[in-house]
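None of the figures in this text is laboratory data; all of them are computed from the coordinates on show. Keep in mind it's a predicted model, so treat the numbers as computed, not measured. Every residue, glycine among them, receives a Cβ derived from its backbone with ideal geometry; neighbour counts consider all protein chains shown.
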Amino acid sequence: MSSATFSDVIGERASAHRLVDEQGAIERWENEGGIALSPTQTTTIHNTLTFQFIGIFIIMNETQDYVSPATAIMTRNARSIQAYGHLIPMPLALLESARQQSVDNLNQLLADTMTLRDLYKKHHWQVSGPMFYQLHLLFDKHYATQAELVDTIAERIMMLGGISIAMAQDVVDNTTIPQPPKDRECPESQLTRLLQAHEITLQAARSMARQAIEVGDDGTNDMLVSEVIRGNELQVWFVSQHLVGAHAHIE
Ligand SMILES: [Fe+2]
């Protein structure tokens, strides 16, 4: 091996070794503008060494202890600026109790709307039969509309001073829509399941709209009526018409 190449490797070893230390990883990341070794780069070193050096195993053992600078910084800096369930002051001329009621209701509605959104994508992927193409497109169109509603509801929660739920586990913990099977269902079952989810959502949204009016939260009431309720009603129409003749109670 040439001395130059050896020096290069020693330098890389020193870099990798520094990253083993959490504080060193943070300082390197911050001082060098994020040029610290990434896992990909470390892998590249391994590959290079495999061809050039007998001492590869020693270096590999060191780099297995690699600490991600991002993870190290996250560990050091992780802190909340607002606890879930608490409101921050907002100059909206609304009582805090009114904002709290709307935030709680809207988070429930958000969980159900995210579930309905994902139900449409599941059915978009898994649909079958003579109506495949039409339903495939319809389900994705409705998915996109539900995704817009999710954003509208979540941002309404934030503008009221609350915190919107966001992650899948939060949805699972809060939704009132029954969990569908992982199985691939026939189109009739898919459509019926969607109508059930819409009806659950609509029932909740109508109740929440009335509650919003009672506490003077006109903005939430307007969003619920104009976007959530009317949007879901429109989708129910489109979905239900595919079942005319299939279920006596829907005809
Ligand atoms: Fe698609």
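Return the pair list, or none, for Cβ contacts closer than 8 Å from residues in segment 144-169 that are under 18 Å from SER80 (Cα atoms) to residues that are surrounded by fewer than 19 Cβ atoms within 10 Å (Cβ to Cβ) and among the aromatic types (Phe, Trp, Tyr), at least 6 apart or on different chains.
Hits for this filter: ILE163/TYR84.
Just for segment 65-80: of the residues that are surrounded by 10 or more Cβ atoms within 10 Å (Cβ to Cβ) and part of a loop (DSSP other than H, G, I, E, B), which one is farthest from the chain's Cα centre (by Cα)?
So, considering only residues that are surrounded by 10 or more Cβ atoms within 10 Å (Cβ to Cβ) and part of a loop (DSSP other than H, G, I, E, B), the one farthest from the chain's Cα centre (by Cα) is ASP65.
Of everything in segment 69-126 that's among the basic types (Lys, Arg) and within 16 Å of the ligand (Cβ to nearest atom), which residue is farthest from ILE213 (Cα to Cα)?
LYS122
So, of the residues in segment 135-187 that are closer than 20 Å to VAL228 by Cβ and of a type in the set (Lys, Arg), which turns out to be surrounded by the most Cβ atoms within 10 Å (Cβ to Cβ)?
ARG156
Condition check ((1) assigned to a loop (DSSP other than H, G, I, E, B); (2) buried (at least 20 other Cβ atoms within 10 Å of the Cβ); (3) in contact with a Phe, Trp or Tyr (Cβ under 6 Å, 6 or more places away or on another chain); (4) not acidic (Asp, Glu)) across all residues:
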position	(1), (2), (3), (4)
GLN82	yes, no, no, yes
LEU87	yes, no, no, yes
PRO91	yes, no, no, yes
ARG99	no, yes, no, yes
VAL103	no, yes, no, yes
GLN108	no, no, no, yes
THR113	no, yes, no, yes
LEU116	no, yes, no, yes
TYR120	no, yes, yes, yes
